[in-house]
1. Across the range 92-110, what is the total count of residues that are over 11 Å from the mean Cα position of the chain (by Cα) and closer than 23 Å to residue 161 by Cβ?
2. Within 24 Å of residue 65 (Cβ to Cβ) and in contact (Cβ under 8 Å) with a residue 60 or more places away in the chain - does that describe any residue in the range 150-163?
3. Since residue 134 meets every condition but one in (1) touching a residue at least 60 places away in the same chain (Cβ under 8 Å); (2) surrounded by fewer than 17 Cβ atoms within 10 Å (Cβ to Cβ), which condition does it not meet?
4. Here is a check on your reading of the model: is residue 156 assigned to a loop (DSSP other than H, G, I, E, B), on the phi > 0 side of the Ramachandran plot and surrounded by 18 or more Cβ atoms within 10 Å (Cβ to Cβ)?
5. From the list 142, 113, 166, pick out the single residue that is farther than 22 Å from residue 89 by Cα and outside any strand (DSSP E or B).
6. Take residue 109 and tell me if it is at pLDDT 90 or above and farther than 19 Å from residue 192 by Cα.
7. Do you know which residues across the range 56-96 are in a loop (DSSP other than H, G, I, E, B), within 20 Å of residue 149 (Cβ to Cβ) and in contact with a helix residue (DSSP H, G or I) (Cβ under 9 Å, 6 or more places away or on another chain)?
8. Which of (1) out of contact with any strand residue (DSSP E or B) (no Cβ under 7 Å at 6 or more places or on another chain); (2) within 28 Å of residue 220 (Cα to Cα); (3) part of a helix (DSSP H, G or I) does residue 172 not meet, given it meets every other one?
């Protein structure tokens, strides 16, 4: 019953998506509705479009400042994220990773078929090269908070799925740190099966729900 009520609530929220759900391709200039918005429910809404920073903005900002990372201001915010988005799209093209723009935020949606084996929190060897390139961009564009969020399908118990999602998020964060991304910028959270973006009634939907997302939020003055 709880899962059914969650899906109903998310569906109602999807109907009220604002115009900010539109995204602009930095290479073509074309504005479209983001895939997250089209999904309408689940991770797209609960995971990042309506969420705040993991761990709270104040605590995260103190860590960022302590690490000597500066902040962005004014029109520089959009330009900074445009450039970062363009590079991430180039690096992840053809890998199965989906780069989503939400206002001045970016989300890398990484399905488990390209990141983890089934029921595993070990990063697939074939995906490490892509993560290496992502880490390179994150170190170059350091003025962003980085949230790493793990999700699962509904197979298995709630407790097991929660643990698996946390371990997957931690694995990605640890890998990024090992490649030079400052730990002060990183925070992780597992959402278990609570934020599906597709139906869990078929394998295609379950595969889409087994994912890790990296959310990039600009560090801004004030």
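The values are calculated or read from the model by the stated rules, or taken from the named source; none is laboratory data. It should be emphasised that the depicted structure is a prediction, and the values quoted were computed from it without experimental measurement. Note: ideal-geometry Cβ built from the backbone for every residue, glycine included; neighbour counts use all protein chains shown.
1. 1
2. No: the range 150-163 contains no residue that is within 24 Å of residue 65 (Cβ to Cβ) and in contact (Cβ under 8 Å) with a residue 60 or more places away in the chain.
3. (2)
4. no
5. Result: 166 is the single residue among 142, 113, 166 that is farther than 22 Å from residue 89 by Cα and outside any strand (DSSP E or B).
6. No; evaluated as a whole, the condition is false for this residue.
7. 95, 96
8. With respect to (1) out of contact with any strand residue (DSSP E or B) (no Cβ under 7 Å at 6 or more places or on another chain); (2) within 28 Å of residue 220 (Cα to Cα); (3) part of a helix (DSSP H, G or I), residue 172 is out only on (1).
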